[in-house]
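Working notes, beginning with the structure itself.
No lab work stands behind these numbers, since they all come straight from the coordinates. From a predicted model like this one, the values you see are computed outputs, not experimental measurements. Backbone-built Cβ (ideal geometry, glycine too); neighbour counts: all protein chains shown.
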Amino acid sequence: MGNASKFVIFILSIGCAQSICQTLNAQIILSPAKETSIKQDTLLPDSESERNPLYLSASDYENEIILDGWLKLNIPSDSIVHQLGSPARKGKIEESGNTGVLTQVWEYPQYGLSLWMELNHSSHIIQLYSIEAAYPCTMKTPRHIGIGSSLSQLKQKYPKGKYSNHYFSIGNPYGICLNFKITADTVTNISIFQDFD
C-alpha cells in the first residue's frame, strides 16, 4: 500500500473519530434535573468543617483587619505619628518570640492602644508590627465592632470567625489575624498580629 493510500486512510480515520465524538457528545446532554443532581452531589462539601471553615479565606479577611480605616499592620511610623501624635511612652527594644524581630512598644493610653513597632538591626523604626486595643479605645473594624461590642454582635458580623476559650479569631494560620478577647460576653480587647505558629 502506497504512502498516498495510507495518508487517505489516516485522514478518513480522524474524520470518523471526530464524527463519533460529536455523536456521543450530543447523546450525553443532561436534562436540567439530572444536571442539578450531579452538581449537588459533586460540589457540596463532605464535612461540616468545609461548610463552615474556621478561618476566612485571604480574600474575605484581608480588608477586614484594620481599625478606623487606617490602623493596620505594616504601615510606617510616620502615619501613626501623623494620626495619633507621639506616644506617651516607648518601651525598651526587645526581640519578639521565635521570629527574631526587634520590637518596641509605643503606648497611647489616652486612645487605649499599645503598638509594637518593628525595628531593623540599626534600631531604626521600620513599620507597625502588632496592635493591641483596650478601653478607652473607640476604634472599630470595618464591620463596626469595637471595645464594648457584644459576643452576639461579633458572631453576627463575622459568621465565619472562630470562637474558643473566650477568644474570637479572624484570619488564618501563618497570616495576619484579628483577635477579640471576650469577657462577660463583651469585647474587652482587640489584637491584630502576624501569626507564625
Convex hull volume of region 124-197 per residue (C-alpha atoms, cubic angstrom): 106 Å³
Amide N of region 121-137 lying under 16 Å from the label point, which is placed 7 angstrom from the Cα of ALA184 along Cα→Cβ: 135-136
³J(HN,Hα) computed for each position of region 156-168 - Karplus, 6.51 cos²θ - 1.76 cosθ + 1.60, integer Hz, glycine/proline x: 5, 6, 10, x, 9, x, 10, 10, 7, 6, 6, 10, 10
Estimated vicinal HN-Hα couplings, Hz - region 79-86 in sequence order (Karplus 6.51, -1.76, 1.60; Gly, Pro = x): 5, 5, 5, 4, 7, 10, x, 6
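So for region 60-145, considering every pair of alpha-carbon atoms, how many percent are separated by more than 21 Å? Walk me through the numbers on the way to the answer.
On the way: 1053 of 3655 pairs.
Distances greater than 21 Å cover 29 percent of the Cα pairs.
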Footprinting exposure proxy for SER130, SER152 (fewest neighbouring C-beta atoms within 10 Å first): SER152, SER130
Per-residue Cβ neighbour rank within 10 angstrom, fewest leading, ARG143, ARG89: ARG89, ARG143
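Find how much the distance from GLU107 to GLN83 grows on full extension, using 0.36 nm per residue of separation minus their present alpha carbon separation; answer in nm with one decimal.
Extending this stretch completely gives an extra 7.2 nm.
Under the Kirkwood approximation for Rh and a Cα-based Rg, what ratio Rg/Rh is obtained for region 49-194? Write out the running numbers ahead of the final one.
On the way: Rg = 15.4 Å, Rh = 15.8 Å.
That ratio equals 0.97.
Just rank GLU107, GLU95, GLU64, fewest to most, by other beta-carbon atoms within 10 angstrom.
Values: GLU107 15, GLU95 10, GLU64 18.
Least to most surrounded, the residues fall as GLU95, GLU107, GLU64.
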Residues whose placed amide H lies under 5 Å from that of MET117, excluding near-sequence neighbours: GLN104, VAL105, TRP106, TYR129
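Between SER152 and ASP68, 0.36 nm times their residue separation minus their Cα-Cα distance comes to what?
Values: separation 84, 0.36 × 84 = 30.24 nm, distance 2.12 nm.
Fully extending the segment from SER152 to ASP68 adds 28.1 nm.
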